[in-house]
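This report refers to the structure that appears directly beneath it.
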Amino acid sequence: MNPATNAPALTNALNWRYATKRFDPTKTIPADTWHALEESLRLAPSSFGLQPWHFVVVTNPGLRKELQAHSWNQPQIVEASHLIVIASLQSVEDQTIDTFLNATAQTRNQNPADLAGYRQMIAGFVAHLREAKGIEAWTARQAYLPLGFLLASAAVLGIDACPLEGIDPAQYNKLLGLEGTPYSTRVACALGYRASTDAYANAPKVRFSRDTVISYRA
């Protein structure tokens, strides 16, 4: 099945979205829409397909208030309909690779032994990162792939969003129970519906021209 294409609708949605500063706390994202947004996270691409991440949806109002204190008191943390925290692996072990390859074999009805060459390639890349002490930096960058999918998907569905890096990852890990797990907080995202009082809602979008940011090599 080929996805339906509607270029004007996509462009309009991307122009409509902005990093929402104030949400309407009385409005909640419908369950079916939220499910679609969760799927945008789950279906996001990752290097080698490893999916080195975990998504924490914070629904407890008291916990969100605690998190706000470690988020420069940004109101989005408590006002938005939904708050999601994207965590990624702090390291990539052999088990990480094998879990993914076993899932691949099962999903595609393959013999795991047939994926030996692919496993060797992934393991070689990971070994190179480990030697350069760059694994955690790499997995942290991977976390922004599902974030991008989430922001674009939200815009298409008419849901406001605000990515949040102004947070204390260590405190988030503590409050969310991530300490002692393989994962660490990287970025958060608040989603819901913009408040009528948000002064940024109608501010012109500031973007460099196409000629400035896009070039071609024919």
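The values are calculated or read from the model by the stated rules, or taken from the named source; none is laboratory data. Predicted model, so just to flag it, every value in this text is computed and none were measured. Quick reminder, even Gly has a Cβ in these numbers, built from the backbone with ideal geometry, and neighbours come from all protein chains shown.
A few notes on this one:
- Candidates Arg194, Arg186, Arg210, filtered to the one that is without any contact (Cβ under 8 Å) to a residue 60 or more places away in the chain and among the basic types (Lys, Arg): Arg210
- Test: Leu37 is part of a helix (DSSP H, G or I) and in contact with a Leu (Cβ under 8 Å, 6 or more places away or on another chain): yes
- Selected residue (criterion: farthest from Gly62 (Cα to Cα)) from residues of segment 151-172 that are part of a helix (DSSP H, G or I) and in contact (Cβ under 8 Å) with a residue 24 or more places away in the chain: Val156
- Selection of segment 18-69 for residues being among the charged types (D, E, K, R) and in contact with a Pro (Cβ under 7 Å, 6 or more places away or on another chain) yields only Arg22.
- If you go through segment 1-48 and keep only what is under 16 Å from Gly192 (Cα atoms), without any contact (Cβ under 8 Å) to a residue 24 or more places away in the chain and under 16 Å from the mean Cα position of the chain (by Cα), you end up with His35, Glu38.
- Some residue of segment 198-214 being at pLDDT 95 or above, of a type outside the set (Gly, Ala, Ser) and in contact with a strand residue (DSSP E or B) (Cβ under 7 Å, 6 or more places away or on another chain): no
- For Val57: the one exception among (1) modelled with pLDDT under 95; (2) of a type outside the set (S, T, N, Q); (3) within 17 Å of the chain's Cα centre (by Cα): (1)
- Filtered by the rule that a residue be over 27 Å from Gln95 (Cβ atoms) and either touching a Ser or Thr at 6+ places or on another chain (Cβ under 7 Å) or among the acidic types (Asp, Glu) (or both), segment 151-189 gives Ser153, Leu157, Ile159, Asp160, Ala161, Cys162, Leu164, Glu165, Gly166, Ile167, Asp168.
- Only residues that are surrounded by 12 or more Cβ atoms within 10 Å (Cβ to Cβ) and in a loop (DSSP other than H, G, I, E, B) were counted across segment 46-64, and they come to 4.
- Selected residue [among the aliphatic types (A, V, I, L, M), closer than 24 Å to Cys189 by Cα and buried (at least 21 other Cβ atoms within 10 Å of the Cβ)] from Ile86, Ile135, Ile167: Ile86
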